[in-house]
Amino acid sequence: MIEDLSMIRNIGISAHIDSGKTTLTERILYYTGRIRAIHEVRGKDGVGATMDSMELERERGITIQSAATYTEWKGHHVNIIDTPGHVDFTIEVERALKVLDGAILVLCSVAGVQSQSITVDRQMKRYNVPRIAFVNKCDRSGANPARVTEQLREKLKHNAVMMQIPIGLEDKLEGVVDLVKMKAYRFEGENGENIIESEIPAELQFDAEARREAMLDAVSMFSDELMEAMLEETVTEEMIHDAVRKGVLANELTPVFMGSAYKNKGVQLLLDAVMKYLPAPTDIDNTAVRMLPGGEEEEFILSNDPKQKLVANAFKLEEGPYGQLTYVRIYQGVLRKADDIVNTRTNKKVKVGRLGRMHSDQMEEIDHASAGDIIALFGIDCASGDTFTSGDRIALSSMHVPEPVVSLAIVPVDNKAATKMSKALHRFTREDPTFRTSVDEDTGDTIISGMGELHLEVYIERIKREFGAEVTTGAPQVKYRETLTQPVQFDYTHKKQTGGSGQYAKVLGLMEPAGEGEFEFESAVVGGRIPTEYIGACRKGFEMSLAEGMYIGAPVQGLKVTMQDGAAHAVDSSDMAFQTACRAAFREFYMKGKPSALEPLMLVSIEGPSEFQGEVIKTLAQRRGVIVGTTEDEGFVRVDANVPLAEMFGYATVLRSSTQGKAEFTMEFARYAPAPADVAEELVKAYQARRAEGK
């Protein structure tokens, strides 16, 4: 058990796709002695990187699931989570960031700040994760870490400051100059394990001094002591380290390091920086909510104290070779084998079976773990995001889970495949909150929904490979919505007499558009015209109607209902009568509010050589895309556009052929927007045809 929490670092490694995150993690594991040989992401040895344990990850050369490992560096215990770069797997990044104390933001020294770097940075800001930057691939043609640092300032609004300068660039990259120690470092030996310290080369002396000056100016803003020492010219290394750490912990400074993970340069110095500047668990305030008697809630800061009662958060579920695995971050207390712990969501007591530390897909069993640590539990039945305690009613803040935007039908070829598919879907929906399943009431087909084509493609492949289920799939379907465009008054009386006590409820009110927000319900009924106990039933009646609108049969969003008046009967009124009255009022009056169809609009970012800018814009124009921004930088262009999701299927192939495979794109959900008249008309026709067939 780790006693000194200041010696723990829980860090994540996040970046745009193909920035070298997994390669960097591989080097970190090698230099810290966790692995004995280095394997590349798509290496010729066919082994693949340690953290890409899934067969699909090794084949495609991308990280699909976040993977956890731990290692040690200079007396520190380091838990590392390698996260996916593709936006379709964004939930994996969200989950990791929620439980991490600090992060390394990896950037490509050629491409700089890319679209997914912006998304990842936004996620880090959401969870207040302090970070340091690593400009990777300095050995590549066109590498320019100074420009990337400038982009961090301009595009991400970071107070970025270079802590090193490179010795040579591109194929002449030799090492880095440390601006704190004012020494040169080169990395020799077969895998760069021998660090050679020397004086700064004469040709870099002037540049190093100028950069150090700029670094001290920025860093001294966080330390009066350093500022005074600068005036008296008595600056020490410790003063600089302390000031940088203060700036990083306050999320007001981003120190920039550089090198090439692939060429084994600069990684050990980055590790030193992680220990010096990124926070220990005790440096971060994690809040939780305590349920008080009477239903009130009290927010408080978790203590990180192993002597306190247990509070732990399950942030990731995974089915692996060791069975059901639940990754937990312990915020206070100690978790031991055979302990009884309580899941505060279900209020059920569970017994802790085996505990383990995970190293990618390998496991090391342990007896106990304490506050600040990240470990895995075996065979615990829970959902992602659940809180475990010793019995106290405490909950940690929930995680941001985006809504799926694309779906497709999936059909098993026979009964045997149906059973296997069902098992697979059950497991995947528990592991990934952005992956949903439902049944199409019209066709009876199983529908899977997710964050993008690649997201669903990967799950279909896993159903086939991991569960051996033969399935066929339909074309991807866009998840449309509908909404009102005008306010409409409703007045409906539900009256039924079928012998015995009857049903009676009268409801009057207003349905109106409420922007992009969730369903809003308000009661302005006075004088007990609708007794208070039936107001909840009225809300429920409308809520139930939102699942299917009357215009295109899609879920209704952005609706506000105000109950204004009504009437009840002393004997015949009931919850059921008011629910029925409200559902009927919705059906009768909804179309009078002139509803419109909404389609998901994606923010698409395309990056590639400037010579293809015209072709890229042409492909977007053909897809009803609206350009929202274009930036050009040293022969590379980035085009941002809003494009309807329905037009984006198969776009990867089109973009490849239009740009000779030299451009790449990412997309993420932006918002729902009104569909054009012709699209809406088709949707209306399809809905009416379904209704005519009685489906």
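Listing for the model above:
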{"quantity": "Karplus (6.51, -1.76, 1.60) ³J(HN,Hα), θ = phi - 60°, over the range 216-230, in Hz, Gly and Pro reported as x", "calculated": "5, 4, 6, 6, 5, 5, 9, 8, 5, 4, 5, 4, 5, 4, 5"}
{"quantity": "I284 long-range amide H proximity, modeled H, under 5 Å", "calculated": "none"}
{"quantity": "Carbon plus sulfur fraction of accessible area for the chain, probe 1.4 Å, in percent", "calculated": "48 percent"}
{"quantity": "Alpha carbon centroid spacing (whole Å) that separates the range 251-323 from the range 114-135", "calculated": "15 Å"}
{"quantity": "Largest-first ellipsoid semi-axes for the range 595-695, taking √(5λ) over the Cα gyration tensor eigenvalues, angstrom", "calculated": "33, 13, 10"}
{"quantity": "Test item: Cα-centred dipole of the chain, Lys/Arg +1 and Asp/Glu -1 on Cβ, debye", "calculated": "2260 debye"}
{"quantity": "Low-density loop positions, chymotrypsin sites (Phe, Trp or Tyr not before Pro), the range 599-695 - DSSP coil, at most 16 other Cβ in 10 Å", "calculated": "F649"}
{"quantity": "Cα gyration tensor category, rounded, prolate or oblate, for the range 124-242 with a/c compared to 1.5", "calculated": "oblate"}
{"quantity": "Y327, Y551, reordered so the largest accessible area comes first (probe 1.4 Å)", "calculated": "Y551, Y327"}
{"quantity": "Inter-centroid distance (Cα atoms) of the range 160-228 relative to the range 397-471, Å", "calculated": "50 Å"}
{"quantity": "Evaluated at q = 0.15, 0.16, 0.21, 0.23 Å⁻¹: base-10 log I(q)/I(0), Debye formula over Cα of the range 396-508", "calculated": "-0.72, -0.76, -1.12, -1.32"}
{"quantity": "Whichever aspartates and glutamates have a C-alpha closer than 19 Å to that of K155, once near sequence neighbours (fewer than 8 apart) are set aside", "calculated": "D121, E252, E607, E632, D633, E634, D640, E668"}
{"quantity": "Note, ³J(HN,Hα) from phi for the range 118-125, Karplus 6.51, -1.76, 1.60, rounded to Hz, x at Gly and Pro", "calculated": "5, 5, 4, 5, 4, 5, 5, 5"}
{"quantity": "Under-5 Å amide H pairs with D386, H placed in peptide plane, nonlocal only", "calculated": "A314"}
{"quantity": "Rg/Rg_ref, the range 549-597, where Rg_ref = 2.2 N^0.38 Å and atoms are Cα", "calculated": "1.37"}
{"quantity": "5 angstrom amide H check on A675, placed H, neighbours 5+ away", "calculated": "A597, L598, E599"}
{"quantity": "Set of lysines near K74 by C-alpha distance (under 27 Å), chain-local residues within fewer than 8 positions excluded", "calculated": "K21, K98, K137, K181, K183, K246, K263, K265, K276, K307"}
{"quantity": "Heavy-atom accessible area per residue - the chain, 1.4 Å, Å²", "calculated": "43 Å²"}
{"quantity": "Relative contact order (%) - the chain, alpha-carbon pairs under 8 angstrom, separation at least six", "calculated": "9 percent"}
{"quantity": "Cβ-defined net charge surrounding A514, 12 Å radius [Lys, Arg +1; Asp, Glu -1]", "calculated": "-4"}
{"quantity": "R147, R587, R465, reordered so the largest accessible area comes first (probe 1.4 Å)", "calculated": "R587, R465, R147"}
{"quantity": "Gap separating the Cα centres of the range 544-573 and the range 597-659, nearest whole Å", "calculated": "41 Å"}
{"quantity": "Low-density loop positions, trypsin sites (Lys or Arg not before Pro), the range 268-345 - DSSP coil, at most 16 other Cβ in 10 Å", "calculated": "K307, K309, K337, R345"}
{"quantity": "³J(HN,Hα), Karplus 6.51/-1.76/1.60, whole Hz, each residue of the range 260-268, x for Gly, Pro", "calculated": "9, 4, 5, 8, 6, 10, x, 6, 5"}
{"quantity": "Fully extended contour minus Cα-Cα distance, from R690 to K183, at 0.36 nm per residue", "calculated": "175.1 nm"}
{"quantity": "Qualifying aspartates and glutamates (Cα of each under 18 Å from Cα of K416; at least 8 residues distant if same chain)", "calculated": "D445, E461, E466, E470"}
{"quantity": "Spacing of the two label points (7 Å from each Cα toward its C-beta) at T485 and E228, in nm", "calculated": "6.9 nm"}
{"quantity": "Size-normalised alpha-carbon gyration radius of the range 642-688, reference 2.2 N^0.38 Å", "calculated": "1.52"}
{"quantity": "Given (1) 26.0, 85; (2) 28.7, 102; (3) 24.7, 71, the label whose value is Rg and Dmax of the Cα atoms in Å derived from this model", "calculated": "(2)"}
{"quantity": "Local electrostatic count, R656, Cβ distance below 10 Å [Lys/Arg +1, Asp/Glu -1]", "calculated": "0"}
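The values are calculated or read from the model by the stated rules, or taken from the named source; none is laboratory data. The structure displayed is predicted, hence computed values, not measured ones. Cβ atoms come from the backbone with ideal geometry, glycine included; neighbour counts cover every protein chain shown. Protein only, heavy atoms only, side chains kept; ligands, DNA and RNA dropped before computing areas. Shrake-Rupley method; radii C 1.70, N 1.55, O 1.52, S 1.80 Å.
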